[in-house]
Amino acid sequence: MNLYDLFASRFPEDRTTCAIETHDGLYYTWNDIERASAKIANLLHNLDLPDDARIAVQVEKSAEALILYLATIRAGYVYLPLNTAYRAAEMAYFIHDAEPSVVVCSPQNFGWVSQIAFMSGTRHVFTLGDDRTGSLLVRAALQSTSFHTVDRKPDDLAAILYTSGTTGRSKGAMLTHRNLASNAMVLHDYWRWQPGDVLLHALPLFHVHGLFVASHGALLNGSKMIFLPKFDAKEIVRDLPRATVFMGVPTHYVRLLSEPGFDASACANVRLFVSGSAPLLTDTFDEFKERTGHTILERYGMSETTMLVSNPYDGERVAGTVGLPLPDVSVRVVRGDGLPCDAGEIGDIQVKGPNVFKGYWRMPEKTAEEFTPDGYFRTGDVGKFDEKGYLSIVGRSKDLIISGGYNVYPKEIESFIDEMDGVVESAVVGVPHPDFGEAVAAVIVKKPGAPLSEEQVIAQLKSRIANFKVPKRVMFVDELPRNTMGKVQKNVLREKMQATAAETA
Ligand code: MLC
Ligand code: AMP
């Protein structure tokens, strides 16, 4: 099997129809997808790479970026997408850890990315711009437009997605062809993809939501995607009337509701709005329904498991819940003693099924720790089922902030802050934010007399880590509150931060 074959078997009969329309008015047909992915697959194949070669990609969104993903799968290699916000220290870690045979980066980043890659032993570095420029396409242009898709076993790797670790550094979640194929098929049926569907795609292509959930649905349905390079509420309002399906993170819905031209007429053709990656506030759900007449379908997933729970397409979509376990996916909520919770009782969410990943890249002990003896994956999310079987996520046992759909691990940010001159120690917490849902905030204990300001902390961090991880606020305190065990009381800090924000508002 190969995931690409599954998609190709569902491409429309007439392959001259449009598969991807870009914001700058280009049309890619299904033939284009097939031929261009063949060219890139041939290029990769001719590099004589090992069978399990990782192809690490940090490029801006474009139709070619999606085609590169498909080409990698087609050639039987392992796709490793990286957030374009990552800076040198983050990239160095991923490349060093994953040891990719090929790195593809934006032309403007070639200098520093290629240096990191070559120093880590990567042999091939290509560039790919969002305007059809770069060495990847130049080299691929010389290749054949036909390629015999490489056969892979269901359990072979198709992708590695790095997810930051609560302790230590990021872990690479290994996803197989079976994981991705099974989830794509289940969601295709569950969300009733149908002839004539058009997906308005405004999500980034380097995470589960945009790369798998959204694109796979359209590919499997032979549906056109309207590709926007990034979310822009005005452009969404402009393009939505031509779409039937839209998927977004809660911030997208919050921003749409703030857009004056957004109303029921903009959504006249849409049959499905999906939200995920972060909690959707009931207020947003209600206001959206009132403004447009549409009930947002909220679902829940993660890099290690792709999608596991979803509100139903036909049945009741309940605000504040993420819905029911997907077909073939077994989800349970358990107490500290491992026994299943009753309805209404809060516990740890665990999952088992064909969607659950193979393990963390080169971390067998960590992988073993995250699975129960009977094979369930511990999600690190805390929740409860109601009497009707709907799951609500009420918290996380992992120390994680989700800001605008991006995960930020406080420990990672604290380690960068603690390295700064003049800092004794720090604690990073998530605080409510009207746009991003949660925002990163830092509380710092300075050395006596150290001339460190909020602006300096933010500026130093911006030069080192991805922008979305940089605290939006920094507060200085004399000491961090700790409990009797010596653990920093982050809830106290969150309250303090909110009280200060309210005072200064
Ligand atoms: C951008 N910024 C963010 C941010 N995104 N800060 C915190 N959190 C974020 N998510 C920074 C910018 O760098 C900028 O910093 C400032 O905030 C304002 O930026 P903006 O122009 O308003 O942001 P924009 O570029 O419009 O991006 C916002 C966004 C984007 C919501 C469109 O973050 C986004 O696409 N989020 C989706 C993430 C996603 O796909 N998640 C899926 C993960 S998969 P400065 O300093 O320059 O002012 C997953 C599994 C699952 O979780 O279940 O799906
Ligand atoms: P990631 O590691 O980026 O894949 O993020 C996965 C995490 O996002 C999950 O473990 C949840 O904590 C969170 N998440 C995803 N979807 C939802 C949702 N609908 N509601 C609340 N949290 C969500």
Report task. State in Å² the accessible area per residue of the chain; use a 1.4 Å probe, count heavy atoms of protein chains only, and round to the nearest integer. Result -> 41 Å²
Query - Exposure ranking of H124, H216 by accessible area [1.4 Å probe, largest first] - result: H124, H216
Report summary line: The ³J(HN,Hα) series, computed from each phi in region 207-217 with the Karplus coefficients 6.51, -1.76 and 1.60 at θ = phi - 60°, rounded to the nearest Hz and given as x for glycine or proline, is 10, 3, 4, x, 6, 9, 4, 6, 4, 4, x
Report summary line: From DSSP H assignment alone, runs of 4+ in the chain each adding -39500 (n - 2.57), the sum over residues rounded to the nearest 500 puts [θ] at 222 nm at -8500 deg cm²/dmol
Report summary line: So R335 and K366, fully extended at 0.36 nm per residue minus their Cα-Cα distance, gain in nm 9.0 nm
Query - Cα-based shape type of region 400-504, given that a ≥ b ≥ c are square roots of the gyration tensor eigenvalues and the cut on a/c is 1.5 - result: rounded
**Report entry** Largest-first ordering by accessible area, 1.4 Å probe, given options F371, F110
**Finding:** F110, F371
Query raised in the report: In µm²/s, what is D for the chain at 25 °C and 0.890 mPa s, where D = kT/(6 pi eta Rh) by Stokes-Einstein and Rh is the Kirkwood radius from Cα pairs?
Result: 103 µm²/s
Query raised in the report: Toward the positive end of the charge dipole of region 224-357, about the Cα centre and with charges on Cβ (Lys, Arg +1; Asp, Glu -1), which of A266, L228, G315 goes farthest?
Result: L228
Query - J(HN,Hα) series, region 263-269, from Karplus relation 6.51 cos²θ - 1.76 cosθ + 1.60, nearest Hz, glycine and proline x - result: 8, 4, 5, 5, 9, 3, 8
Query raised in the report: Share of region 400-504's accessible area from carbon and sulfur, percent, 1.4 Å?
Result: 51 percent
Report task. For E298, E287, write out the residues from largest to smallest accessible area, computed with a 1.4 angstrom probe and no ligands counted. Result -> E287, E298
Report summary line: Sparse-neighbourhood loop hits (trypsin sites (Lys or Arg not before Pro), region 91-142; DSSP loop; Cβ within 10 Å at most 12 others) -> R132
Query raised in the report: Expressed as a rounded percentage, what relative contact order does the chain have, with Cα pairs under 8 Å and six or more residues apart?
Result: 11 percent
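Is the C-alpha gyration tensor of region 222-298 telling us rounded, prolate or oblate? Criteria: a/c under 1.5 is rounded; beyond that, a/b larger than b/c is prolate, otherwise oblate. Mind showing how you got there, number by number?
Numbers: a/c = 1.39, a/b = 1.26, b/c = 1.10.
Here region 222-298 falls in the rounded category.
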Query raised in the report: Cross-link partners among aspartates and glutamates for K153, C-alpha distance below 18 Å, same-chain residues fewer than 8 apart left out?
Result: D5, D51, D52
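On the accessible surface of region 147-269, probed at 1.4 Å, how many percent belong to carbon and sulfur atoms? Numbers along the way, then the final one.
Numbers: 2190 of 4030 Å².
The nonpolar share, carbon plus sulfur, comes to 54 percent.
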Report task. With a 1.4 Å probe and every protein chain left in place, tell me how much accessible area T321 has, in Å² to the nearest 10. Result -> 10 Å²
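Checking the a/c ratio against 1.5 first, then a/b against b/c, what shape does the Cα gyration tensor give for region 358-404? Could you put the intermediate results ahead of the total?
Values: a/c = 3.00, a/b = 1.48, b/c = 2.03.
Oblate shape, in that a/c is at least 1.5 and b/c is the bigger or equal ratio.
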Query raised in the report: Long-range amide H contacts for G359: which residues qualify at under 5 Å (H placed 1.01 Å from N, peptide plane, sequence gap of 5 or more or a different chain)?
Result: M174
Query raised in the report: Sequence-distant or interchain residues sharing an amide H contact under 5 Å with V309, placed H: which?
Result: Y300, L326
Query - Partner lysines for K61 [C-alpha distance under 28 Å; skip if fewer than 8 residues away on the same chain] - result: K39, K171, K224, K230, K234, K358, K462, K469, K472
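With +1 on each Lys and Arg Cβ and -1 on each Asp and Glu Cβ, how big is the dipole of the chain about its Cα centre, in debye rounded to the nearest 20?
Details: 52 positive and 62 negative charges, 114 e Å.
Roughly 540 debye, rounded to the nearest 20.
The values are calculated or read from the model by the stated rules, or taken from the named source; none is laboratory data. The shown structure was predicted, so the numbers you read here are calculated from the model rather than taken from an experiment. We place every Cβ from the backbone using ideal geometry, glycine too, and count neighbours over all the protein chains shown. Accessible surface is based on the protein model in full, side chains and every heavy atom, while ligands, DNA and RNA are left aside. Shrake-Rupley method; radii C 1.70, N 1.55, O 1.52, S 1.80 Å.
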